[in-house]
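Structure record follows, encoded as structure tokens.
FYI, it's all coordinate maths here, none of it is from the lab. As the structure is a computational prediction, the values presented were derived from the model and not from experiment. So basically every Cβ, Gly included, is an ideal-geometry build from the backbone, and we count neighbours across all protein chains shown.
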Amino acid sequence: PRQRYLRAERAEVSALERKRNVLCCLITRILKAEKQLHIDNLVFRVIDACQKGELGPGPQFLSFCCHSVDVLSCVLHLLNQGYLRRQEGRPHVLEY
């Protein structure tokens with residue numbers, strides 16, 4: 001029984017990592033196209049793309065549930081990694 005629990009836990013961690021990677025890629029793709037975007041608009045566009053299954057070029061992906069907390073967590077991660085930055089004097093506007 002213990003072994004099954006560990007495998008289930010690893011599967012959950014793997015699924016969360018994949019979700020985070022998809023969200024980070026989507027955030028980056030949207031900001032590359034827009035150059036700058038208000039954080040509220042970015043969150044809305046990411047959630048909308050997830051619900052519609054518009055997660056990448058080519059074949060449509062299955063839609064998945066994503067919340068504003070998920071998107072904001074990924075935005076903070078990308079800010080800390082240096083992929084995104086806040087606009088000078090307007091911290092609510094993000095730039096790629």
Under a cut-off of 19 Å between alpha-carbon atoms, report the lysines in cross-link reach of Lys19, not counting same-chain residues fewer than 8 places apart. Lys52
FRET efficiency (Gln51, Arg90; Cβ distance; R0 30 Å; to 0.05) is 0.60
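Near Gln87, within a Cβ-to-Cβ distance under 11 Å, what is the net charge of the other residues, with Lys and Arg +1 and Asp and Glu -1? Don't skip to the answer; put the middle values down first.
Values: positive: Lys35, Arg85, Arg86, Arg90; negative: Glu88, Glu95.
My count for the surroundings of Gln87 gives +2.
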